[in-house]
Amino acid sequence: MTKTEVIASVAGDLYATEQALDAAIAHATTLVQAMIGSRTTLNISAVAGAEAQTKAMAAIAGLAAARQSMIECHNELAKDHRRLGYGTFAGPFRDKGEGDDKPAETTGRLRAV
């Protein structure tokens, strides 16, 4: 593998991990919402399921801490990348939320703006 391929592989794994954490947080919050909504719909006391709901919210807090650690990892990798002289590495420019893994189309020529 070339340096560029290795760097791209690590960057891809980092991006996938960030996305997985975001998805896990979204799913866990949906679970808590469903727990509260179902209790309300069934007209059950707030005491019922309170311990399970507390544990689910603790899991969300753990996921949030993991996400923050991954952000710090991302920042450290970026520092190392620059410090080692690899310059700026970027795949096709996109917003993180787009989720489209298709490479950017190129026309093969440049033009003055």
What is the sum of charges around A24, taking Lys and Arg as +1, Asp and Glu as -1, for the other residues whose C-beta is under 14 Å from the C-beta of A24?
-1
Run the numbers for T17 and S45: contour at 0.36 nm per residue of separation, minus the present Cα-Cα distance, in nm.
6.3 nm
To the nearest 20 Debye, how big is the dipole of segment 3-83 about its Cα centre, given +1 on the beta carbon of each Lys and Arg and -1 on that of each Asp and Glu?
120 debye
Both in Å, the radius of gyration and Dmax of the C-alpha trace of segment 3-83 are 18.3, 60
Expressed in nm to one decimal, what extension gain is obtained for the pair V32 and Y86 from 0.36 nm per residue of sequence separation less their Cα-Cα distance?
15.1 nm
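Computed from the coordinates by the stated procedures, all read-outs in this text should not be read as laboratory data. Just so we're clear, the structure is a prediction, and the values are computed from it rather than from any experiment. Heads up, the Cβs are rebuilt from the backbone with ideal geometry, glycines too, and the neighbour counts pull from every protein chain shown.
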